[in-house]
Structures are given as structure tokens and as C-alpha cells.
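First comes the structure, then the notes that go with it.
Nothing in this text is a laboratory measurement; each read-out follows from the coordinates by a stated rule. Please read these numbers as outputs of a predicted model, since none were measured by experiment. Please note: Cβ atoms are built from the backbone with ideal geometry, for glycine as well, and neighbour counts cover all protein chains shown.
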Amino acid sequence: MVVYNLLCKKKHSFEGWFPSFEDFQKQADKKLISCPTCGTTKVEKVPHACAVHVKKEQPAPPAKKPEQTPAVPPTAAEFKEMLLKVHHYVKENFEDVGPRFAEEAREIHKGAAEERPIHGTATREEAKDLAEEGVPFVALPKPDLDS
Ligand SMILES: [Zn+2]
């Protein structure tokens, strides 16, 4: 189906619907198309003044990934500073249970001891046991204060 804007010789414009351009042509030749206003069969097709270009749906361009700054590993000095800060924070806010850390952490985990942030030391073996028991803890590397 095509729609044409038609114009009669008296400048009445109207729309004509045709199955195809050929049908329009045939009807026009046989003077079957008449102006609905004045009835004249002298009508002509008005070239479309504007054409709507329907663009094919284009896939949205992939969202541009934010520029990824390459992860710069901290320098030894920066790392040490970070560690010191963490250790300082821990010292300030966590109860120092020293070598009883594993025991205390386990007690807290079980609810047998008051829940509080603690810090202390644990042997490799103790840390492994805690991990296996599902006791949450974080092993902090000790800042090398001598270097
Ligand atoms: Zn007319």
C-alpha cells in the first residue's frame, strides 16, 4: 500500500491510497482518480516534500568503558605506610590479646566470649585451624619497621 499526496488542477490536495505505484499509474491514466473537492480527474502526484528516513535500528554503541587506570602496585614505601596505618588503627581500636589470638577469636566466633575487635599473634598452624573452622580473621603482614 502506498499513499500519495495528490493535487488537482485547482490545487486541491488530497491523499490517495493505492495498492502500488503501478495501480496509481493505471488509475491515473484511466482518469479514475478524482479530486474529492471538485471532482476533476486532472490530478497529479505531488512529490513528497519531505521524506522521513527511518533509519534501521542500530545497536547502541557499546558503552565506553571508563578509562582503566592500570593498577600501579604500591611502592615498598607506600606499602609500608599503608601497613603502618592499618597496624596503628588496629592497635588503637582492637584489643591486643597477644598470642591468645586464635583462642580468643575462636571463643568470640562461638559466642563464648564478648564480641569485640581483637588483634594478636597467631602461628601459621593456628591461622590454618581458624580458617578451617570458619573463624573470620585477617592476617596482616607485619610491617618491617627496621627497613
Ligand atoms: Zn480539486
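Taken over the stretch 76-133, the convex hull of the Cα atoms encloses 86 Å³ per residue. Here is the size of the stretch 2-45 from its Cα atoms: Rg then Dmax, 9.3, 26 Å.
Across the stretch 102-119, coupling constants 3J(HN,Hα) worked out from phi with the 6.51/-1.76/1.60 Karplus curve, θ = phi - 60°, read 4, 4, 5, 4, 5, 4, 5, 4, 7, x, 7, 10, 4, 6, 7, x, 10, 9 Hz, and Gly and Pro carry x. Note on LYS142/ARG100: beta-carbon distance plugged into 1/(1 + (r/R0)^6) with R0 of 22 Å gives a FRET efficiency of 0.80. 3J(HN,Hα) along the stretch 14-21, derived from phi through the Karplus expression 6.51 cos²θ - 1.76 cosθ + 1.60 where θ = phi - 60°, amounts to 7, 9, x, 9, 9, x, 7, 4 Hz, with x in place of Gly and Pro.
Per-residue Karplus couplings for the stretch 83-92, computed as 6.51 cos²θ - 1.76 cosθ + 1.60 with θ equal to phi - 60°, are listed in order as 4, 4, 4, 4, 5, 5, 4, 4, 4, 6 Hz, Gly and Pro entered as x. Positive contributions from Lys and Arg (+1) and negative ones from Asp and Glu (-1), summed over other residues with Cβ under 14 Å from the Cβ of THR40, come out at +4.
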